[in-house]
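Chemist: A single structure is presented below for examination.
None of the figures in this text is laboratory data; all of them are computed from the coordinates on show. As the structure is a prediction and not an experimental result, all values here were calculated from the model. Reconstructed Cβ throughout: ideal geometry from the backbone, glycine too, with neighbour counts over all protein chains shown.
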Amino acid sequence: MTITAEAANSSSLAANIRAAAVRRFALTDSVFQTLTRLSAALVLVLLGGVAISLVAGAWPALSHFGWAFLVTESWNPVTEKFGALAPIYGTLVTSLIAIVIAVPIGIGIAVFLTELCPRSLRRPIGIAVELLAGIPSIIYGIWGLFVFAPFLQVHLQPFIIKLFHGVPGLSSLFSGPPYGIGLMTSGLILAIMVLPFITSITKDVFDTVPPVLKESAYGIGCTTWEVTRRVVIPYTRVGIMGGVMLGLGRALGETMAVTFVIGNAHRISASLFAPGTTISASIANEFTEADGELYTSSLVALGLILFVITFLILAASRFMLMRIERRAGS
Amino acid sequence: MAAASSRHNRRKARNTLMMGLSIAAAAIGLAWLALILGALVWKGAAGLSIAVFTEMTPPPGDAGGLLNAIAGSVVMTVIAIAVGTPVGILAGTYMAEYGRFSKLTIVVRFINDILLSAPSIVIGLFIYEIMVRPMGHFSALAGAFALAILVMPVVVRTTEDMLNLVPNALREAGAAIGAPRWIVIRSVAYRAALSGIVTGVLLAIARISGETAPLLFTALNNQFWSSNVNAPMASLPVTIFQFALSPYDEWQQLAWTGALIITFAVLMLSIVARALTARREDR
């Protein structure tokens, strides 16, 4: 009698403890879940905050100059007449140079690492590339200014200017005195900078190709190039696009590497050897020295334009990737 | 037969050409990077001495060190990691665990990718608008928050990726013995993904320790020692920027030395991160 009562007692005690534990667990779980959801939402809030604050900061300049701000080349702090055309041009041109150079080389290195390189060298070189992707941009800037630009000025630029002299089109693209610094130099530095990024991502996605796919292609007699061209690259298209997208994003918004070697000249020249400016370099060079609300606001407006450009490019590439993914899925 | 053989030769030649180009690409890439590192060590090591780590940044034309800049960088990095990492890990957790298939996750992933590649100078402008302008002065705290915003997307991305790699069978095993979800996440998923998450944090540190652009008009710079986070503070990257563009030889030398120190620190961090991952993989 007592024994069964005790048993019933202890079992109801255990049930109570269990119920309490379940309640406690349910509470902590929902607290934790809410916390994680808020953190995720914070990412959205941040982006919204960036957009709103930039629009607010740029408003004085935008309302003062209107749409003309986008197509005006002049940048004169004395007369307070500001236009964004030269920095936009510089940003696009330098990034384009960088991508055109870095993408083929990056894919080439990835092919080398995944298909050709002796196994013993593969890991060291792969690690080296990944480590180099982490080197801060200011290092590239200081190297560009003190080592690369003087080299270009003395050796490469005079040679190229002479080479293309008299060739229609190219002669104006590569003309003028060899300053060393300028759009071309910035583009080259950016190319070197984004190269490890593109390489390491391309290599990573190449590694995800199932060996059996490659082996079956080799098995029917394909050459290494054919395997790369017909199997590896189609399989990893999305990843490669991701790498290129990342590289372009870095190049567009890159500040320090460019600021050192661009020359900070607010004008548009036909020659790629002429000094120019990019959006980020203008902001970095002038923001702390800008006096007057209109000047500061114009620089913030430049930042807003950069933000919009990168946003559009990244969004477009994501949508492109999604379309490719869907096509690959169907 | 002849046609087949010529086609074979053509394919072989094409293969040799393309593979040759890819070897050339690797050689070019590694040569450039070796050139940069070589110049950095060559120029930076010349100015390396104890004074660099024990003396303050000098006035123009004087000898000195980088102590206040190094200390400032460390302070701001620590604050940035302390702020950015927990939020990033939690957000990544939501995306991989609670809301793996929710709409919010898709949107957040999209936005996070954009923040990940967002130009850091724009983040600097954002912090300028919301902190520096209302407070009326530049401050180390503003700089640290700018860096924290750069830390977050890196951590969100790696956390989500690493948690997604954890096999669902592990979670199911945890759930099967009656563990509530957050304990499964904490004791199973986090543990399985730990080395990946730590690597993400280390990479985030490596990324912000060289960031210059977002500090230019948030933390500004400081010629002197300062431990006040509510006042402008020197940082290694901004000091390098200022000194490298100056006409003074001593300052330029310090810039090179500072650049060498940053690069060394960043490389060390990355190597430690890799070693961490490698050891866990071996086990």
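Chemist: Step by step: first the residues of region A:85-124, then only those that are surrounded by 22 or more Cβ atoms within 10 Å (Cβ to Cβ) and free of Cβ contacts under 8 Å to residues at least 24 places away in the same chain, then the one that is nearest to B:ILE271 (Cα to Cα). Which residue is that?
Modeler: A:PHE112
Chemist: Is one or more of the residues making up region B:245-252 assigned to a helix (DSSP H, G or I), more than 10 Å from chain A (Cβ to nearest Cβ) and touching a Leu at 6+ places or on another chain (Cβ under 7 Å)? Walk me through how you get there before you give the answer.
Modeler: Let us first name the residues in region B:245-252 that are assigned to a helix (DSSP H, G or I), namely B:249-252.
So of that shortlist, the ones also more than 10 Å from chain A (Cβ to nearest Cβ) come out as B:249-251.
Then drop every residue that is not touching a Leu at 6+ places or on another chain (Cβ under 7 Å), which leaves none.
Checked against the condition, which is being assigned to a helix (DSSP H, G or I), more than 10 Å from chain A (Cβ to nearest Cβ) and touching a Leu at 6+ places or on another chain (Cβ under 7 Å), region B:245-252 yields no hits at all.
Chemist: Specify the residue that is nearest to B:GLY88 (Cα to Cα); the eligible residues are those in region A:9-40 that are exposed (fewer than 12 other Cβ atoms within 10 Å of the Cβ) and of a type in the set (A, V, I, L, M, F, W, C).
Modeler: For region A:9-40, the residue satisfying everything is A:VAL31.
Chemist: For region A:46-89, what are the residues that are away from chain B (no Cβ under 14 Å) and closer than 20 Å to B:PRO119 by Cα?
Modeler: Of everything in region A:46-89, those that are away from chain B (no Cβ under 14 Å) and closer than 20 Å to B:PRO119 by Cα turn out to be A:LEU70, A:ALA84, A:LEU85, A:ALA86, A:TYR89.
Chemist: I'm checking my understanding of the structure. Among residues of region B:213-236 that are within 21 Å of the chain's Cα centre (by Cα) and closer than 16 Å to B:ALA148 by Cβ, which one is nearest to the other protein chains (Cβ to nearest Cβ)?
Modeler: Checked region B:213-236; the qualifying residue nearest to the other protein chains (Cβ to nearest Cβ) is B:ALA213.
Chemist: Taking the stated definitions as given, is A:ILE240 within 30 Å of A:GLY263 (Cβ to Cβ) and of a type in the set (Val, Ile, Thr)?
Modeler: Criteria not met by A:ILE240.
Chemist: OK, next. Between a first residue in region A:254-272 that is assigned to a loop (DSSP other than H, G, I, E, B) and a second residue that is among the acidic types (Asp, Glu), which pairs have beta carbons less than 7 Å apart while being 6 or more apart in sequence or on different chains?
Modeler: Going by the 7 Å Cβ cut-off, the qualifying pairs are A:ARG267/A:GLU73; A:ILE268/A:GLU73.
Chemist: Here is a further query. Does any residue in region B:234-258 that is within 11 Å of A:ILE139 (Cα to Cα) come within less than 6 Å, Cβ to Cβ, of a residue that is of a type in the set (Lys, Arg) six or more places away or on a different chain, and which pairs are these?
Modeler: Listed pairs, sorted by first residue: B:TRP256/B:LYS43.
Chemist: More than 14 Å from every other protein chain (Cβ to nearest Cβ) and touching a helix residue (DSSP H, G or I) at 6+ places or on another chain (Cβ under 9 Å), is that true of B:VAL52?
Modeler: So B:VAL52 fits the description; yes.
Chemist: Restricting attention to region B:4-49, and to residues there that are within 11 Å of chain A (Cβ to nearest Cβ) and among the β-branched types (Val, Ile, Thr), which single residue is nearest to A:ILE135 (Cα to Cα)? If you could, list the steps in order and put the result at the bottom.
Modeler: Here is the first cut: in region B:4-49, the ones within 11 Å of chain A (Cβ to nearest Cβ) are B:8, B:10-40, B:42-44.
Among the residues that remain, those that are also among the β-branched types (Val, Ile, Thr) are: B:16, B:23, B:28, B:36.
Values: B:THR16: 33, B:ILE23: 24, B:ILE28: 18, B:ILE36: 11 Å.
This residue is B:ILE36.
Chemist: Can you tell which of A:TYR235, A:TYR218 is touching a helix residue (DSSP H, G or I) at 6+ places or on another chain (Cβ under 8 Å), of a type in the set (Phe, Trp, Tyr), more than 11 Å from chain B (Cβ to nearest Cβ) and closer than 30 Å to A:THR310 by Cβ?
Modeler: Going through A:TYR235, A:TYR218 in turn, just one is touching a helix residue (DSSP H, G or I) at 6+ places or on another chain (Cβ under 8 Å), of a type in the set (Phe, Trp, Tyr), more than 11 Å from chain B (Cβ to nearest Cβ) and closer than 30 Å to A:THR310 by Cβ: A:TYR235.
Chemist: If you go through region B:179-194 one residue at a time, do you hit one that is more than 10 Å from every other protein chain (Cβ to nearest Cβ), under 30 Å from B:ARG274 (Cα atoms), touching a helix residue (DSSP H, G or I) at 6+ places or on another chain (Cβ under 8 Å) and β-branched (Val, Ile, Thr)?
Modeler: Yes, there is a match, as at least one residue in region B:179-194 is more than 10 Å from every other protein chain (Cβ to nearest Cβ), under 30 Å from B:ARG274 (Cα atoms), touching a helix residue (DSSP H, G or I) at 6+ places or on another chain (Cβ under 8 Å) and β-branched (Val, Ile, Thr).
Chemist: Pick out the one residue from B:ASN168, B:ASN112 that is crowded, with 24+ Cβ neighbours inside 10 Å, without any contact (Cβ under 8 Å) to a residue 60 or more places away in the chain and of a type in the set (S, T, N, Q).
Modeler: Working: B:ASN168 fails: crowded, with 24+ Cβ neighbours inside 10 Å.
None of the others qualify; the one that does is B:ASN112.
Chemist: A further question on this structure: Kindly indicate whether A:ILE139 is within 23 Å of B:ALA273 (Cβ to Cβ), of a type in the set (A, V, I, L, M, F, W, C) and surrounded by fewer than 22 Cβ atoms within 10 Å (Cβ to Cβ).
Modeler: Considered against the rule, which asks whether it is within 23 Å of B:ALA273 (Cβ to Cβ), of a type in the set (A, V, I, L, M, F, W, C) and surrounded by fewer than 22 Cβ atoms within 10 Å (Cβ to Cβ), A:ILE139 comes out as no.
Chemist: Name the single residue, out of those in region B:195-212 being crowded, with 21+ Cβ neighbours inside 10 Å, among the small types (Gly, Ala, Ser) and part of a helix (DSSP H, G or I), that is farthest from the other protein chains (Cβ to nearest Cβ).
Modeler: Among those that are crowded, with 21+ Cβ neighbours inside 10 Å, among the small types (Gly, Ala, Ser) and part of a helix (DSSP H, G or I), it is B:GLY200.
Chemist: How about region A:198-255: which of its residues are farther than 20 Å from A:GLY106 by Cα and surrounded by fewer than 17 Cβ atoms within 10 Å (Cβ to Cβ)?
Modeler: Answer for region A:198-255, where residues must be farther than 20 Å from A:GLY106 by Cα and surrounded by fewer than 17 Cβ atoms within 10 Å (Cβ to Cβ): A:PRO210, A:PRO211, A:VAL212, A:LEU213, A:GLU215, A:SER216, A:TYR218, A:GLY219, A:ILE220, A:GLY221.
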